[in-house]
1. Note down the net charge around B:Asp125, summing +1 for each Lys or Arg and -1 for each Asp or Glu among other residues with Cβ under 13 Å from its Cβ.
2. Given a 1.4 Å probe and heavy atoms of the protein chains only, how would you sort B:Arg231, A:Arg230, largest accessible area at the top?
3. Solvent-accessible area per residue for the stretch B:28-111 at a 1.4 Å probe radius, Å²?
4. Pick from A:Thr75, A:Thr204, A:Thr47: which residue has the top mean-square fluctuation in a GNM of chain A where Cα pairs under 10 Å get a spring?
5. In debye to the nearest 20, how big a dipole does the stretch A:107-170 give about its Cα centre with +1 on each Lys and Arg Cβ and -1 on each Asp and Glu Cβ?
6. How much length would be gained if the chain were fully extended between B:Asp13 and B:Leu30, taking 0.36 nm per residue of separation minus their Cα-Cα distance, in nm to one decimal?
7. Considering Cα pairs under 8 angstrom that are at least six residues apart, work out the relative contact order of chain A and quote it in whole percent.
8. Name the residue from B:Phe91, B:Ala36, B:Ala206 whose Cα lies farthest towards the positive end of the charge dipole of the stretch B:17-234, charges +1 on Cβ of Lys and Arg and -1 on Cβ of Asp and Glu.
Amino acid sequence: MLDQINEPPAGTIKNTISRCSPIVFKSVCLEIDGQLLINNINCSFDTLGKTVIIGPNGAGKSLLLRLMTGLIKPTSGSISGGVQSSQGQSEGKPSVCYSLVFQNPVLLRRSTYENIAFVLREQKCGKEELVKKTNLALKLARLEDRAQTPARSLSGGEQQRLALARALVVNPAGLLLDEPTASLDPASTFIVEEMVNKANRNGTKIIFVTHDIRQAKRMADDILFVNEGRILVHKPARAFFKDPESKKAQAYLDGRLPL
Amino acid sequence: MGEIGQAFAIAFDLVFSLDRNLFAIVLLSLKVSLTAVIIACILGFGLGAGLASLRFPGRKAIIIMINALMGLPPVVVGLLVYLLLSRSGPFGVLSLLYTPMAMIIAQVILITPLVAALCLQSLQDLHYEYDEFFRSLNLSPSSKMKTLLWDARLSLLTVALAGFGRAISEVGAVMIVGGNINHVTRIMTTAIALETSKGTLALALALGIILITISVAINAAAMLIRSTAKRYAHA
Ligand SMILES: Nc1ncnc2c1ncn2[C@@H]1O[C@H](COP(=O)(O)OP(=O)(O)OP(=O)(O)O)[C@@H](O)[C@H]1O
Ligand SMILES: [Mg+2]
């Protein structure tokens, strides 16, 4: 397993070769109860940068993340990639390729420490390594002094940080985040962004859903604008903010209701 | 009135003088019911966790079966176990009839559906919440079941208590398969039934007092556990 969580010297990029094949959507549609929620999406994601997905409520952003991780299957079309390339395969059970942090963090009814230890234990991580990695992850999320607190009595921001720390502790090839800073204060937001950036410098692909335009500007390498189950724009971030191309995307950026 | 008052007096005397005959009966009751509950929990928790976390054909049918079995009349269970264990029955060679083991078997059959159904109930919501997280981690079925069981441990404790409560207060089935033989298979409920019909109210009352005390203690424990669970789980 490639599992150095330890920070590389600043500026260097480790693991520049991704451990997972890129995700590619080919005419993907998703229909639930007769409603077309995802409408013919063709798209591919690189394996290194930070992709930010934006779009109005109900656009299908969360569904896209679920499709990527295989939690739901498309009604038609195909999604390839996101699977372990042979390089990163450890013996036995394949390690997690893409970690997903849900819009509402799903935390086990256990202590903060045990929530992180849980995923490592499932990865058949050795005892000593487990303690070391868990403590390091707690430190990165600045939750050291909350280690023994029941996870569900943490504050909203602390819960989000814990969910993120837990997703990162397995050193995934890709990290998918669904509005991880939606209800966080600036300090917690900063911690989360820092954790994400650090993971990205270590070679983890980031796909990030947010409604915070300034955050998108800070973080994004490329932007995906989703509306009504379609991808209207997929562009490098700078180009997108200069000229979003689509009227609806422009309206969204301007804070007007998409027409 | 006087007779009953006298019976009460003797009953209290029996309880507080730690009468040996009385406590042999209490001890056997506890032994039988605790053993039955432990076995029922092993079976019922496994079943409940499997039904809560796995989807397989026939799942719904099993759930309906369990719910139906929950309402099984104890005397019918007693009769069935009797037929199975009687000398001419399929398990007659084991000569288990009229032994504590027969009573344990009957109680296990009686309370396993209850334990499984209550277990399923407390794991279902938890599973709904954890499902996508589990699947995103690619957890194996046994890991899913273990995680659910552990995270619901406090409510499962109340499930076990409910099972124990039903087992220890049950009379119909154990009477048939145990036979209420003094010093062998006489337990609290069967003794109460017998002594009452014989008119020996004091012993029956003494046992009744102990049964009620146990029942109150179980409910108090369950309440305590529930409030702890709420504090700990925040949900
Ligand atoms: N399981 C489901 N069954 C039916 N409809 C669903 C289901 N999941 C999502 N939807 C619908 O699909 C649409 C897109 O949902 P999704 O959660 O992806 O939105 P979103 O872009 O993440 O929005 P938000 O910004 O509010 O999080 C919504 O209209 C929602 O009602
Ligand atoms: Mg969403």
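1. -2
2. B:Arg231, A:Arg230
3. On the way: 4410 Å² over 84 residues.
With all protein chains present, the stretch B:28-111 gives 53 Å² per residue.
4. The residue that fluctuates most here is A:Thr75.
5. On the way: 13 positive and 7 negative charges, 19 e Å.
That gives a dipole near 100 debye.
6. Full extension from B:Asp13 to B:Leu30 adds 4.0 nm.
7. Once divided by the residue count of chain A, the mean separation gives 27 percent.
8. Working it through, the farthest residue towards the positive pole turns out to be B:Phe91.
The values are calculated or read from the model by the stated rules, or taken from the named source; none is laboratory data. Since this is a predicted model, take the numbers as computed values, not measurements. In this analysis, Cβ positions are derived from the backbone assuming ideal geometry, glycine residues included, and neighbour counts consider all displayed protein chains. The protein model used for the area step is the full one, side chains on, heavy atoms only, and it has no ligands, DNA or RNA in it. Shrake-Rupley method; radii C 1.70, N 1.55, O 1.52, S 1.80 Å.
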